[in-house]
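Following: one structure in structure tokens, then a few remarks.
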Amino acid sequence: MPRVSIIIPLYDEENNLQELYQRLKKVLDPLTLEDYEIILIDDGSSDGTWPIIQKFSETDPKVKGIKLSRNFGHQSALIAGMDHAEGDVLITMDGDLQHPPELIPQFLAKWQEGFDIVCAQRERTENISWIKNFFSKFFLFAFNKISFVRLKEGVADFRLISREVVGVLKTMKERCRFLRGLVSWVGFRSAYIVYTAPKRLSGKAKYSLRKSLFLALTGILSFSPQPLYWAGFLGLVVTFFSFIYIIYAIYLKLFTHSSLSGWASILISVLFLGGVQLITIGILGSYLAMVFEEVKGRPIYIVQKITYKNSKNWKEEVNG
Ligand code: UDP
Ligand code: MG
């Protein structure tokens, strides 16, 4: 059996940590693994998450704690964990127990069958707001329409990836990483395990609607240039209809006794054109913002502290 790294980003999860740790140990200890490590990433929590991680790492050499210097976001925290993991297989999961640790043996069984990527596919989530549900369905539809990468419904960041896939993911130097898309983009053999996600054990969801929308936007912008082409197409359509309108206006003037009049028609066209132009500029701007993020080349995360007891086997690295 391989060396396994479990990677868990945590943002204000003090009330979930104890049970998470106990359930992980209960699942991992009986497995005949060569070794395993539990990497707990504190993504700038303001509660007691970090002291608890420190306590675990002092008593358990299998726990590695990474404290980021501030809240960098779930995806960045995951990347921090992946950069510090040394297992043959990496399993990423949430820290609120919506990703049941009891699925880990099934992940490993699939890996042994020869799959490089094993994704958990959520069948039903209790307690998800209708607005989040609506946006996530709409995003999935839009993403699959405009990019050649396919995302499956209910597949999030609860997955196993093999060392080979991690190696490929690490060669991608982009700052704005939408991991779900990238894991699908790299190819390899994938398997899916269907599960029902329970309610979050304690606390509120840390992915606000704003954060979710931003992640969706990152996904679309980094996987498809199509909105840019659509902006151009929109311009063509508007020009076409304006042209017909011009011909109509000339016809009225030359061949009838009436003509187009009134400020209303002028106001409507000015507002309409203004709207179309602003949408187009907005699309252009979004891509420009992404290029801006990339060229600055700032680190994706900053590690403030690392804590673990057993430094013999597992090398220490700082910053990503
Ligand atoms: N998380 C994080 N940084 C953030 C937001 C979330 O590390 O800025 C962690 C959070 O602690 C949890 C996981 O990411 O372990 C998933 O977050 P959450 O449960 O709030 O997301 P949801 O279940 O609503 O998708
Ligand atoms: Mg959750």
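The values are calculated or read from the model by the stated rules, or taken from the named source; none is laboratory data. All of these numbers come straight from a predicted model, not from anything done at the bench. Here the Cβ positions follow ideal geometry from the backbone for every residue, glycine too, while neighbour counts run over all protein chains shown. Surface accessibility is based on the protein's heavy atoms, side chains included, excluding ligands, DNA and RNA. Shrake-Rupley method; radii C 1.70, N 1.55, O 1.52, S 1.80 Å.
Out of the residues in region 166-188 meeting the condition of being open to solvent by less than 50 Å² (accessible area, probe 1.4 Å) and free of Cβ contacts under 8 Å to residues at least 12 places away in the same chain, tell me which one is nearest to the chain's Cα centre (by Cα).
Filtering region 166-188 for residues that are open to solvent by less than 50 Å² (accessible area, probe 1.4 Å) and free of Cβ contacts under 8 Å to residues at least 12 places away in the same chain, the one nearest to the chain's Cα centre (by Cα) comes out as Met172.
Write out, first by first residue and then by second, each pair whose Cβ atoms fall under 8 Å of each other, whose residues are 6+ apart or on separate chains, and whose first residue, in region 228-239, is open to solvent by less than 100 Å² (accessible area, probe 1.4 Å) while the second is hydroxyl-bearing (Ser, Thr, Tyr).
Leu228/Tyr287; Ala231/Thr280; Leu234/Thr280; Gly235/Thr280
Just to be sure, is Thr32 of a type in the set (Val, Ile, Thr) and under 25 Å from the mean Cα position of the chain (by Cα)?
Working: of a type in the set (Val, Ile, Thr): yes; under 25 Å from the mean Cα position of the chain (by Cα): no.
When the stated conditions are applied, Thr32 does not pass them.
Do you know which residues across region 278-305 are farther than 30 Å from Ile66 by Cβ and surrounded by 13 or more Cβ atoms within 10 Å (Cβ to Cβ)?
Here is the first cut: in region 278-305, the ones farther than 30 Å from Ile66 by Cβ are 278-288.
Within region 278-305, Ile279, Thr280, Ile283, Leu284, Ser286, Tyr287 qualify.
Quickly run through region 190-211 and pick out the residues that are assigned to a loop (DSSP other than H, G, I, E, B) and surrounded by 13 or more Cβ atoms within 10 Å (Cβ to Cβ).
Residues of region 190-211 assigned to a loop (DSSP other than H, G, I, E, B): 198-208.
Matches in region 190-211: Pro198, Arg200, Leu201, Ser202, Gly203, Ala205, Lys206, Tyr207.
Check region 253-260 and report whether any residue there is surrounded by 10 or more Cβ atoms within 10 Å (Cβ to Cβ) and not in a helix (DSSP H, G or I). Don't jump to the end; show me each part of the working.
Applying the first criterion (surrounded by 10 or more Cβ atoms within 10 Å (Cβ to Cβ)) to region 253-260 yields 253, 259-260.
Then drop every residue that is not not in a helix (DSSP H, G or I), which leaves 259-260.
There is at least one residue in region 253-260 that is surrounded by 10 or more Cβ atoms within 10 Å (Cβ to Cβ) and not in a helix (DSSP H, G or I).
Quick check on Ser136: is it within 16 Å of ligand 1 (Cβ to nearest atom), over 16 Å from the mean Cα position of the chain (by Cα) and open to solvent by 40 Å² or more (accessible area, probe 1.4 Å)? Lay out the reasoning, then the answer.
Numbers: within 16 Å of ligand 1 (Cβ to nearest atom): yes; over 16 Å from the mean Cα position of the chain (by Cα): no; open to solvent by 40 Å² or more (accessible area, probe 1.4 Å): yes.
Considered against the rule, which asks whether it is within 16 Å of ligand 1 (Cβ to nearest atom), over 16 Å from the mean Cα position of the chain (by Cα) and open to solvent by 40 Å² or more (accessible area, probe 1.4 Å), Ser136 comes out as no.
Within region 152-165, work out how many residues are without any contact (Cβ under 8 Å) to a residue 60 or more places away in the chain and not in a strand (DSSP E or B).
Summing the residues that are without any contact (Cβ under 8 Å) to a residue 60 or more places away in the chain and not in a strand (DSSP E or B) in region 152-165 gives 5.
Considering only residues of region 60-105 that are farther than 13 Å from Tyr11 by Cβ, among the charged types (D, E, K, R) and open to solvent by 30 Å² or more (accessible area, probe 1.4 Å), which is nearest to ligand 2 (Cβ to nearest atom)?
Filtering region 60-105 for residues that are farther than 13 Å from Tyr11 by Cβ, among the charged types (D, E, K, R) and open to solvent by 30 Å² or more (accessible area, probe 1.4 Å), the one nearest to ligand 2 (Cβ to nearest atom) comes out as Glu102.
May I ask you to list the residues in region 4-51 that are basic (Lys, Arg) and away from ligand 1 (no atom under 16 Å from the Cβ)? Steps first, please.
Residues of region 4-51 basic (Lys, Arg): 23, 25-26.
Listed by number, the residues that qualify are Lys25, Lys26.
(1) over 24 Å from Met290 (Cβ atoms); (2) open to solvent by less than 60 Å² (accessible area, probe 1.4 Å): which one isn't true of Arg163, the others all being true?
Unmet for Arg163, out of (1) over 24 Å from Met290 (Cβ atoms); (2) open to solvent by less than 60 Å² (accessible area, probe 1.4 Å): (2).
Test Lys204 against the stated conditions and say whether it is in contact (Cβ under 8 Å) with a residue 40 or more places away in the chain and over 15 Å from Glu293 (Cα atoms).
Details: in contact (Cβ under 8 Å) with a residue 40 or more places away in the chain: no; over 15 Å from Glu293 (Cα atoms): yes.
It is false that Lys204 is in contact (Cβ under 8 Å) with a residue 40 or more places away in the chain and over 15 Å from Glu293 (Cα atoms).
Is it true that some residue in region 116-124 is out of contact with any Pro (no Cβ under 8 Å at 6 or more places or on another chain), within 16 Å of ligand 2 (Cβ to nearest atom), assigned to a strand (DSSP E or B) and among the β-branched types (Val, Ile, Thr)?
Step one: filter region 116-124 for residues out of contact with any Pro (no Cβ under 8 Å at 6 or more places or on another chain), giving 116-124.
Those still in the list that are within 16 Å of ligand 2 (Cβ to nearest atom) too: 120-124.
Now narrow it down to the ones that are assigned to a strand (DSSP E or B): 120-124.
Among the residues that remain, those that are also among the β-branched types (Val, Ile, Thr) are: none.
Checking region 116-124: not a single residue is out of contact with any Pro (no Cβ under 8 Å at 6 or more places or on another chain), within 16 Å of ligand 2 (Cβ to nearest atom), assigned to a strand (DSSP E or B) and among the β-branched types (Val, Ile, Thr).
Taking Ser129 as the residue in question, decide whether it is among the polar types (S, T, N, Q) and either open to solvent by 10 Å² or more (accessible area, probe 1.4 Å) or on the phi > 0 side of the Ramachandran plot (or both). First the steps, then the outcome.
Working: among the polar types (S, T, N, Q): yes; either open to solvent by 10 Å² or more (accessible area, probe 1.4 Å) or on the phi > 0 side of the Ramachandran plot (or both): yes.
Answer is yes for this residue.
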